[in-house]
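The values are calculated or read from the model by the stated rules, or taken from the named source; none is laboratory data. None of the values given here were measured: they were computed from a predicted structure. Accessible surface areas use protein heavy atoms only, side chains included; no ligands, DNA or RNA. Shrake-Rupley method; radii C 1.70, N 1.55, O 1.52, S 1.80 Å.
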Amino acid sequence: IMPQAPASATRHAFVYGTLRRGDDNDINRLQPAPVFVGEARIKGRMYHLGRYPGVLLGGPHDVAGEVYAISAELERVLDEIEELYPQQTNEYFKREIAVDVAGRQLRCIVYEINPSVVQGKPLIASGDWVRDRFMPLDEK
């Protein structure tokens with residue numbers, strides 16, 4: 001049985017890019033450690049930005065990712081990785097959306113890319129960064 005933080009202290013995060021398990025910024029290597037809740041899909045369009053992807057929320061396409069229960073401390077670490085704090089680069093915006101995880105609706109934070117950043121960037125049609133990040137970039 002995994003220890004659970006008090007419900008009030010726990011938030012959920014949907015991660016779709018380098019924070020996914022086994023990737024460059026694997027959330028499971030961060031502290032305090034998150035608790036894996038499940039795999040999920042959200043509606044959005046994923047763009048290839050070189051070493052990482054960006055997602056615009058909404059539309060008919062699916063984006064694959066993982067949902068984790070995280071603490072407030074870990075949320076601050078994620079904000080730093082996504083450059084929301086202290087730099088405020090405006091590359092990503094933190095959103096909160098409902099995500100279906102194995103039939104449960106969870107409110108999840110997700111980092112949405114600034115639309116101006118993805119102009120002219122290739123779309124990852126599958127919405128799966130882990131599977132398709134190495135696709136030839138001329139396949140839009």
Would you give the gap between the C-alpha center of the stretch 67-89 and the C-alpha center of the stretch 93-110, rounded to a whole Å?
16
Accessible area per residue of the stretch 35-133 at 1.4 Å probe, in Å²?
49
Expressed as a whole percentage, what fraction of the accessible surface of the chain belongs to carbon and sulfur atoms when a 1.4 Å probe is rolled over the protein heavy atoms?
52
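Please give the contour-minus-distance gain from Asn90 to Asp24: 0.36 nm per residue of separation, less the Cα-Cα distance, rounded to one decimal in nm.
Values: separation 66, 0.36 × 66 = 23.76 nm, distance 2.16 nm.
Gain in length upon complete extension: 21.6 nm.
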Compute the long axis of helix 72-81 from its Cα atoms, compare it with the longest principal axis of the Cα atoms of the chain, and write down the angle in degrees, 0 to 90, nearest 10.
20
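Determine the gain in length on full extension of the stretch Ala125-Gln105; use 0.36 nm per residue of separation and subtract their C-alpha separation, reporting nm with one decimal. Write out the running numbers ahead of the final one.
Numbers: separation 20, 0.36 × 20 = 7.20 nm, distance 2.51 nm.
Computed gain between Ala125 and Gln105 is 4.7 nm.
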If I build a Gaussian network model for the chain, linking alpha-carbon pairs within less than 10 angstrom, which residue out of Ser116, Ser71, Ser126 has the largest mean-square fluctuation?
Ser116
Let me check I have the definition right: for the chain, take the eigenvalues of the Cα gyration tensor, multiply each by 5, take square roots. What are those semi-axes in whole Å, largest first?
25, 17, 14
